[in-house]
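The values are calculated or read from the model by the stated rules, or taken from the named source; none is laboratory data. Being a predicted model, the structure only gives us computed values, none of them experimental. So basically every Cβ, Gly included, is an ideal-geometry build from the backbone, and we count neighbours across all protein chains shown.
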């Protein structure tokens, strides 16, 4: 569970001062959303683990320079999603690369079906859908995070949802 | 959407071990120093104003420089602390700087780069690619529209220059013969892969990289970037490719897999990065955003180990060919800082823009032997 803004600022402040337990609290609060976001964009558990882990390592490297007035989560998620898009694009350019490592269940439930259909979208479309509907960012926040115009985010959300609807019909 | 990804718990535990080890091995900045930065930044502004207003103000500047670690900067570039020749460009043109500090203005060139053994220089005018020697004698010229970013590679008997002109990357032999267009390209400096074969990395668009064999025309690799690419650079052994951008730097292995990456926080950005010669280590220059006071760092990418930091904004990082000294340009203080890696030593050179007729950019540093 992600902590309140005040908790988070306190964790960052104390982690900067060397408190391992506060850094762990920060990690525990943000690991699952980061890993899930990466997984939903790349659909490969090993790659998602690498991507989320690398994002936290970047956080360690940047910890002393981190501006505590800013929230930690959006910064981390921006790294995760951008790296996940890079990875997914690179995989698309390497068709020999490994396949998705999660076998589809024999009788997929609605969620599983939805997730498999999500996999058919481009990484860019997947990313905005994951940020909007998994991580609950507003289109404005997504636009800022991915450095995209707000209209582009809205159109990607619209087109992504339309494609999902078509695929599921 | 409530969703759990596969192996979430196990992946989290494995990653926590790695991340915890990284956290424990970092060198935290002590509280007084971190909190002193805004004070130092404020002191800089006060010092500059004071220096402009009164002679005693200059002593404030001196004490400020002492505070940030570059004490007793040389008033001029009396010498370069390590073997090799520097090639520098500024508003006044391209300059060659010898180890003894002597400088020669080659002419009003925009870009410049040494040939592989430092015997010649490829430079660009408005509509001309020029090959000249370090004394400034022109050997050949090639008229092309707006040529930019020459990159010269090869052996003593077979060299070639890649450059970008009017939306295409072109290649010409070292004697000026056989100029040809290779492919459409964005305005990003191309980079030859060291070693055998004529392999070139260039940017077909601002956010993509292609690695091609120029002789066969084969594309060896295609890579994407989430933001506009500023710089491409190979490690000396030709194994790793650095794709530098301010917020998403990547280092790729020969199969196009990312081996190292860097994503600075929203509050910072990377301004330059370069391989340390003879190694696969990348040093990165990180600065605060424009208009925001703060400190700049030079650090190694994988380990995060800090090489040097100051208040204000660095601009560029260049390694000496032997990999033992780095040159960091520091426009905030109008200085060049030479930093020796390992047994650290710092040499500052002040009033640098006065000496080069404008703030200089290090275009190349060649040939220790």
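Here are the numbers for the structure shown:
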quantity: Residue count, segment A:46-85 (criterion: over 13 Å from the mean Cα position of the chain (by Cα) and farther than 16 Å from residue A:135 by Cβ); calculated: 15
quantity: Hits in segment B:121-141 - residues which are under 15 Å from residue B:182 (Cβ atoms) and either modelled with pLDDT under 90 or surrounded by fewer than 19 Cβ atoms within 10 Å (Cβ to Cβ) (or both); calculated: none
quantity: Qualifying residue in segment B:238-253 (condition: buried (at least 18 other Cβ atoms within 10 Å of the Cβ), free of Cβ contacts under 8 Å to residues at least 12 places away in the same chain, farther than 21 Å from residue B:183 by Cβ and in contact with a helix residue (DSSP H, G or I) (Cβ under 8 Å, 6 or more places away or on another chain)); calculated: no
quantity: Helices (runs of 4 or more DSSP H) completely within segment A:90-155 that count 2 or more residues being surrounded by fewer than 19 Cβ atoms within 10 Å (Cβ to Cβ) and at pLDDT below 80; calculated: A:110-118
quantity: Set B:185, B:201: member being touching a residue at least 24 places away in the same chain (Cβ under 8 Å) and within 15 Å of residue B:212 (Cβ to Cβ); calculated: B:201
quantity: Listing of strands (runs of 3 or more DSSP E) fully contained in segment B:169-247 that carry 1 or more residues being out of contact with any strand residue (DSSP E or B) (no Cβ under 7 Å at 6 or more places or on another chain); calculated: B:199-205
quantity: Segment B:121-138: number of residues that are assigned to a strand (DSSP E or B), more than 20 Å from residue B:85 (Cα to Cα) and without any contact (Cβ under 8 Å) to a residue 40 or more places away in the chain; calculated: 1
quantity: Positions within segment B:248-271 being more than 7 Å from chain A (Cβ to nearest Cβ) and not in a strand (DSSP E or B), in sequence order; calculated: B:253, B:254, B:255, B:257
quantity: The listed residue being in contact with a helix residue (DSSP H, G or I) (Cβ under 9 Å, 6 or more places away or on another chain) and away from chain A (no Cβ under 14 Å), out of B:359, B:327, B:301, B:317; calculated: B:359
quantity: Among (1) more than 23 Å from residue B:234 (Cβ to Cβ); (2) under 18 Å from the mean Cα position of the chain (by Cα); (3) surrounded by 20 or more Cβ atoms within 10 Å (Cβ to Cβ) - the single one residue B:265 does not satisfy; calculated: (2)
quantity: Matching helices (runs of 4 or more DSSP H) fully within segment A:1-66 where at least 1 residues are within 9 Å of chain B (Cβ to nearest Cβ) and touching a residue at least 60 places away in the same chain (Cβ under 8 Å); calculated: A:20-42
quantity: Test set (1) under 23 Å from residue B:183 (Cβ atoms); (2) surrounded by 21 or more Cβ atoms within 10 Å (Cβ to Cβ); (3) more than 10 Å from chain A (Cβ to nearest Cβ) - residue B:217 fails condition number; calculated: (2)
quantity: Residues of segment B:79-98 that turn out to be in contact with a strand residue (DSSP E or B) (Cβ under 8 Å, 6 or more places away or on another chain) and over 17 Å from residue B:277 (Cβ atoms), as a count; calculated: 10
quantity: Number of the condition not met by residue A:70 [criteria: (1) facing chain B (nearest Cβ under 9 Å); (2) part of a helix (DSSP H, G or I)]; calculated: (2)
quantity: Residue match in segment B:154-164 (condition: at pLDDT below 95, crowded, with 18+ Cβ neighbours inside 10 Å and away from every other protein chain (no Cβ under 14 Å)); calculated: yes
